[in-house]
Structure formats: structure tokens, C-alpha cells
1. Just to be sure before I move on: is Tyr202 without any contact (Cβ under 8 Å) to a residue 40 or more places away in the chain, farther than 23 Å from Thr119 by Cα and more than 10 Å from the chain's Cα centre (by Cα) in the structure I sent?
2. Under the condition of being touching a residue at least 24 places away in the same chain (Cβ under 8 Å), among the polar types (S, T, N, Q) and open to solvent by less than 60 Å² (accessible area, probe 1.4 Å), which residue from region 43-72 is farthest from Cys187 (Cα to Cα)?
3. Scan region 166-183 residue by residue and report those that are closer than 30 Å to Glu48 by Cβ, in contact with a strand residue (DSSP E or B) (Cβ under 9 Å, 6 or more places away or on another chain) and assigned to a loop (DSSP other than H, G, I, E, B).
4. Can you pull out the residues in region 128-152 that are over 30 Å from Asp86 (Cα atoms), touching a residue at least 40 places away in the same chain (Cβ under 8 Å) and open to solvent by 10 Å² or more (accessible area, probe 1.4 Å)?
5. Out of everything in region 184-218 that is in a strand (DSSP E or B) and β-branched (Val, Ile, Thr), what residue ends up being farthest from Ser155 (Cα to Cα)?
6. Just name the residue that is farthest from the chain's Cα centre (by Cα) out of those in region 85-117 that are part of a loop (DSSP other than H, G, I, E, B) and at pLDDT 70 or above.
7. Any residue in region 126-140 that is touching a strand residue (DSSP E or B) at 6+ places or on another chain (Cβ under 7 Å), closer than 24 Å to Arg208 by Cβ and among the acidic types (Asp, Glu)?
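The values are calculated or read from the model by the stated rules, or taken from the named source; none is laboratory data. Quick caveat, the model's predicted, so the values are computed rather than measured. Cβ sites come from the backbone with ideal geometry, for glycine too, and all protein chains shown count toward neighbours. Only protein heavy atoms, including side chains, enter the accessible area calculation; ligands, DNA and RNA are left aside. Shrake-Rupley method; radii C 1.70, N 1.55, O 1.52, S 1.80 Å.
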Amino acid sequence: MVTGSITAATLSVALLAGAAPAQANPDGVHAATDTEMNIEQFGESFVENLPASEVKKWEALSAEQQAEVIHVLSDPRVDSISTTEDAKEISPLLDYEEVSVPATSLGTLAERGATTMATTRRNAWTEAYWTILGLRYAEVRTTVNYNTSGGRVVSHNACYANYTNHVPLRTIQGTSYTIYGNGKLTCETAWSIARPLQQTQYGYQGIRVNGYGNIEATWNP
């Protein structure tokens, strides 16, 4: 299993334990590296990276289903899935889901004086995840922790992203950043994903919140 997180900074990690990221040439196509492997090695690495919860699902599949899972995930087109329709066009075994959790209050800061408005600390996140035959093979999440007062977002404590990936030979990069406007806050992550000899794929994930603890919008890669 490979997991990670970024906090308002660039993340660059090879999504295969011990593998070095492929180097991109100027036109965005990655050159071949020693991280390439045959389909048998790909399958072995995939299973080795699965967490215990997913291993149980894997072992419940038939040999034919396991072979199909490896065949589908070795197809670089799965790196560009951003809707359920995209997933089904590649294989009926694939699926794509989005989940958002409403802002929750983490407590109210004590008032310093009679004229000082109370400040409430809040937390919210949005997530996208990809599955094949019920196996969750990747997910990305963007989380924002922020402070509100008087119906406005007055500051933020964190804007960051987390990911999980079990597909070998994939490199992911992302940058999280915030945008303020009209008493609201947007936390967004710019993601990219690449494999050797394939065009890099890009996508954005974000969440916009207001000063009343409401999520106004979310979007996922």
C-alpha cells in the first residue's frame, strides 16, 4: 500500500514502493525507465501493495477475475478516469465515486472581550475514489481546516491533500493552495499522474466553504 499527503506544497512520489519517478521530456511524454515491468510483475506488485482489507476482496475473486483486474489496471487509460461514464467506457468492471463531508465544528475559541466575536474552527473535505470489482485501487482527498466569525471565513489552519494508490508504475504530483473571496474560502489541489512512456494526465480537486459552515461547491479530478 502506498499513501501520502501534501500540505500547501508540491508532492512528488513514485507510486510503487522503492521506485524512482520517471523523468519527463519537454513534450510531457515520459521516457522508459527501469520501473517498467511485464504483466506478471505488474500483478505481483499490485497484490503486494494492497492493504489487508483489499487483500480479502482480491482473494474472493476467481482466477479469471484476478487476471482481468490486472489486465485492466495495466491499461494507462485508467489514469484519466474522471466520471463513471469514463470508467465504464474502459471496462464494466471499473467504477468511480465522489464523496464530500459537510463542514464540522471543531470548537469555538474563547472570547477575549465583550466586543470580540467568537471564532469557530471548522473542517471539511472532498474525495474521489476508483474501484474495480469492488477493490478500491486509488483515492484522492482534499481537506480544509478553517476559522469562521460573523458569517465569514477569517483564516485557515490547513489546506492539504491525501492520496492512496495501489497501481504500480504510477507517479503522482500535486499542489494544494487557497483562494479567499467574499468571505469564502476555496481549497484546491492540482493533481497530475504519469506512467513511463505515457502522456501526463492532469486534474483539479477542490472545495469552497462559507462562513456559516456550509460547503458551497466541490469538484474532483
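1. So Tyr202 fits the description; yes.
2. The selected residue is Ser45.
3. Answer for region 166-183, where residues must be closer than 30 Å to Glu48 by Cβ, in contact with a strand residue (DSSP E or B) (Cβ under 9 Å, 6 or more places away or on another chain) and assigned to a loop (DSSP other than H, G, I, E, B): His166, Val167, Leu169, Arg170.
4. Those that are over 30 Å from Asp86 (Cα atoms), touching a residue at least 40 places away in the same chain (Cβ under 8 Å) and open to solvent by 10 Å² or more (accessible area, probe 1.4 Å): Ser149, Gly150, Gly151, Arg152.
5. Ile193
6. Met117
7. yes
Conditions tested, residue by residue: (1) of a type in the set (A, V, I, L, M, F, W, C); (2) open to solvent by less than 20 Å² (accessible area, probe 1.4 Å); (3) in contact with an Asp or Glu (Cβ under 7 Å, 6 or more places away or on another chain).
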position	(1), (2), (3)
Thr164	no, no, yes
Pro168	no, yes, no
Thr175	no, no, no
Gly181	no, no, no
Ala194	yes, yes, no
Gly203	no, yes, no
Gly211	no, yes, no
